[in-house]
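Contents: one structure, followed by commentary.
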Amino acid sequence: MSNDQHGFSTRAITAGQHFDPTTGAVVPPIYMTSTFVQDGIGGFRGGYEYARGGNPTRDSLQALLASLEGGTAAFSFASGLAAEDTLLRAILAPGDHILMGNDVYGGTHRLVDRVFVPWGVALSTVELTDLDAVRSAIRPGTTKVLWVETPTNPLLKINDIAALAELGHEFGITVVVDNTFASPYLQQPISLGADVVVHSTTKYIGGHSDVVGGAVIVNSEELAEKVGFLQFGVGAVSSPMDAWLTIRGIKTLAVRLDRHSSNAQSIAETLVGHPALDAVYYPGLSTHPGHEIAARQMKAFGGMISLSFAGGEGVARKFAESMELFQLAESLGGVESLVCYPSDMTHASVRGTALEVPTNVVRLSVGIEDVADLTADLLTALDAAE
Ligand SMILES: *Cc1c(COP(=O)(O)O)cnc(C)c1O
């Protein structure tokens, strides 16, 4: 049973998780069913009718996510982008404007730019660390969504959630935080004033690179009703198996993020000043421009680091292709370390826009392996790349 007074690590294991009353199985079963028998027409057991509308395994994940993010309700989806799409449909109509940070996940920008803009929504991007710039980019009465990522992907910029929420609310704007890079263990946007949190649960929440999923966590009944209706009415729901894998991942979220963060902190400190690099982007470094805000709004600084290569694109590409433990792949947040070349991989869709990623940048998702092994792998590849 969940008890909202318990701490985060306890709730990660108990919230929404009820042992099976029939057998006593400690782990609730996966309800691999599309439909539910009715005791007479309309006689639903536990309210279950058809699994697009509700499935006990998905409900269990949703209760868990709502508890961990401190929201009133959570909705889980087949992918992070399906979650974002459903949320945006719930808020936006043709004629509305959405304002986004200028360093958001490439797929989020593509969703709005290629699907919502042709439908009649206006999009602009702005530097979210500059609150005056954000204020002047707001179109009063027309801007309906302020989309915030922090830390950002891939440059690990830090945006001040409390200040942006306050500014957005001055204009009646719904403030959304994509909390994928931090996870609810490191950062709780709703408690900082945000209205909605979205996740690609594919990343840290799932945590084992074995499931694709997404979530929306809201803090108002009105929005819960709209998102809940669209989850049912459009139907991009997570499967029972995906929901179960995600629950299984969440149980270790706190211990994984502690290790991701300490490994990344150690690696970032080791790599600063390396002659092959002209910058190490990591909010845990005291020289990072967002370090103070990050220290205020995050519990630790997470597992993502980006590197900028002094020798340019060729050296960056060679480095990305030459490690052993850091495998070259898209995605992030799993227990294994990955390396990505954003300009050609995760962010290829934003080339030629204001969100273009410099071609000398490489992104690391630092896993939970032994930090000495990871450091040796990086230093060998850096020496070779020089
Ligand atoms: C991966 C990612 C998404 C998209 O999620 P999918 O599960 O791949 O659809 C959204 N935001 C961020 C920050 C991401 O890293």
Discussion item. Taking R0 as 41 Å, what FRET efficiency do you get between residue 384 and residue 229 from their Cβ-Cβ distance, rounded to the nearest 0.05?
Written reply: 0.15
Worksheet item: How much accessible surface does residue 36 have with a 1.4 Å probe, in Å² rounded to 10?
Response: 40 Å²
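Hey, what number do you get for the chain at 222 nm if only DSSP H runs of n ≥ 4 count, each worth -39500 (n - 2.57), divided across all residues, to the nearest 500?
Numbers: 13 runs with 134 residues, N = 386.
Mean residue ellipticity, 222 nm, calculated: -10500 deg cm²/dmol.
I'd like the carbon and sulfur percentage of the solvent accessible area for region 253-385, probe radius 1.4 Å, heavy atoms only, ligands and nucleic acids excluded.
Values: 2690 of 5310 Å².
Answer for region 253-385 is 51 percent, counting heavy atoms of protein chains only.
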Worksheet entry | Estimated vicinal HN-Hα couplings, Hz - region 135-143 in sequence order (Karplus 6.51, -1.76, 1.60; Gly, Pro = x) | 4, 6, 7, 6, 9, x, x, 10, 6
Response to the item:
Between residue 45 and residue 23, the two model label points (7 Å from Cα along the beta-carbon direction) sit apart by a distance in nm of 1.5 nm
Item to complete: Report, in cubic angstrom per residue, the convex hull volume of the C-alpha atoms of region 206-272.
Response: 137 Å³
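With a ≥ b ≥ c taken as the square roots of the eigenvalues of the C-alpha gyration tensor of region 253-385, please select rounded if a/c is under 1.5 and otherwise prolate if a/b is larger than b/c or oblate if it is not?
Working: a/c = 1.41, a/b = 1.20, b/c = 1.17.
Cα axes put region 253-385 in the rounded bin.
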Fill in: Among 71, 233, 40, residue whose mean-square fluctuation peaks in a GNM of the chain (springs only between Cα atoms under 10 Å)
40
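Working out 0.36 nm times the residue gap between residue 331 and residue 130, then minus their Cα-Cα distance, what length gain in nm do you get to one decimal?
Numbers: separation 201, 0.36 × 201 = 72.36 nm, distance 2.84 nm.
Separation in residues times 0.36 nm, less the Cα-Cα distance, equals 69.5 nm.
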Worksheet item: Near residue 144, which lysines are there with a Cα under 27 Å away, not counting those fewer than 8 places off in the same chain?
Response: 157, 226
Practice prompt. Could you order 59, 39 so the one with the most accessible surface comes first? Probe is 1.4 Å.
Written response: 39, 59
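Could you put 341, 105 in order of accessible surface area, largest first, with the 1.4 Å probe and the full protein assembly present?
105, 341
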Worksheet item: How big is the antiparallel share of DSSP beta bridges in region 38-156, given as a percent to the nearest 5?
Response: 10 percent
Worksheet item: Roughly what % of Cα-Cα distances in region 1-143 sit above 25 Å, to the whole percent?
Response: 51 percent
Discussion item. If each residue of separation counts as 0.36 nm, what is the full-extension length gain between residue 373 and residue 324 once their alpha-carbon separation is subtracted?
Written reply: 16.6 nm
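Calculate, for residue 119 and residue 296, the FRET efficiency according to 1/(1 + (r/R0)^6) with r their C-beta to C-beta distance and R0 41 Å; round to the nearest 0.05.
Working: r = 38 Å, r/R0 = 0.92.
The pair residue 119/residue 296 has a calculated efficiency of 0.60.
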Response to the item:
Residue-ordered couplings for region 103-120, obtained by feeding phi - 60° into the Karplus form 6.51 cos²θ - 1.76 cosθ + 1.60 and rounding to whole Hz (Gly and Pro as x), are 9, 8, 3, x, x, 5, 4, 5, 4, 6, 5, 9, 10, 7, 5, x, 7, x
Worksheet item: Looking at the chain from every direction and averaging, what is the projected area of its Cα convex hull in nm²?
Response: 19.5 nm²
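Considering only DSSP beta bridges whose two residues both sit in the chain, what percent are antiparallel, to the nearest 5?
Numbers: 25 of 44 bridges.
In the chain, DSSP labels about 55 percent of beta bridges as antiparallel.
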Response to the item:
Residue by residue through region 18-32, the couplings from Karplus 6.51 cos²θ - 1.76 cosθ + 1.60 with θ = phi - 60°, in Hz, x for Gly and Pro, are 10, 4, 6, x, 6, 10, x, 3, 5, 8, x, x, 8, 7, 7
Practice prompt. Provide Rg over Rh for region 262-316; use the alpha carbon set for both Rg and the Kirkwood Rh (inverse mean inverse pair distance).
Written response: 1.01
Worksheet item: Quick one: accessible area per residue over the chain, 1.4 Å probe, rounded to a whole number of Å²?
Response: 40 Å²
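For region 103-180, how big is Rg over Rh, using alpha carbon atoms and the Kirkwood form of Rh?
Values: Rg = 12.1 Å, Rh = 12.9 Å.
Using Cα coordinates only, the ratio equals 0.94.
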Item to complete: Any chance you could run the full-extension gain for residue 353 through residue 278? It's 0.36 nm times the residue separation minus the Cα-Cα distance, nm to one decimal.
Response: 24.6 nm
Practice prompt. Could you work out the local net charge near residue 163, counting Lys and Arg as +1, Asp and Glu as -1, over the other residues with Cβ closer than 12 Å to its Cβ?
Written response: -3
Discussion item. Using Cα-Cα distances under 8 Å and only pairs 6 or more residues apart, what relative contact order does region 11-91 have, in percent?
Written reply: 26 percent
Worksheet entry | Highest-fluctuation residue, 201, 246, 359 considered, GNM on the chain with Cα pairs under 10 Å | 359
Fill in: With all protein chains modelled, accessible area of residue 144 [1.4 Å, Å²]
70 Å²
Worksheet, complete the sentence: The answer for residue 328, listing residues at least 5 apart or on another chain whose modeled amide H is closer than 5 Å to its amide H, is 339
Worksheet item: Between region 107-123 and region 289-364, what's the alpha-carbon centroid distance in Å?
Response: 24 Å
Item to complete: Find the relative contact order for the chain and round it to a whole percent, using C-alpha pairs within less than 8 Å whose residues are 6+ positions apart.
Response: 17 percent
Discussion item. What do you get for the angle between helix 161-170 and the principal long axis of the chain? Use alpha-carbon atoms, 0 to 90 degrees, nearest ten.
Written reply: 60 degrees
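If 98, 41 are ordered by their accessible area, calculated over protein heavy atoms with a 1.4 Å probe, which sequence runs from highest to lowest? Mind showing how you got there, number by number?
On the way: 98 0, 41 175 Å².
Largest accessible area first, the list is 41, 98.
The values are calculated or read from the model by the stated rules, or taken from the named source; none is laboratory data. Everything quoted here is computed from the prediction, not taken from an experiment. Positions of Cβ are generated from backbone atoms using ideal geometry, with glycine treated the same way; all protein chains shown enter the neighbour counts. For the accessible areas, the whole protein counts, side chains as well, though only heavy atoms, and no ligand, DNA or RNA atoms are used. Shrake-Rupley method; radii C 1.70, N 1.55, O 1.52, S 1.80 Å.
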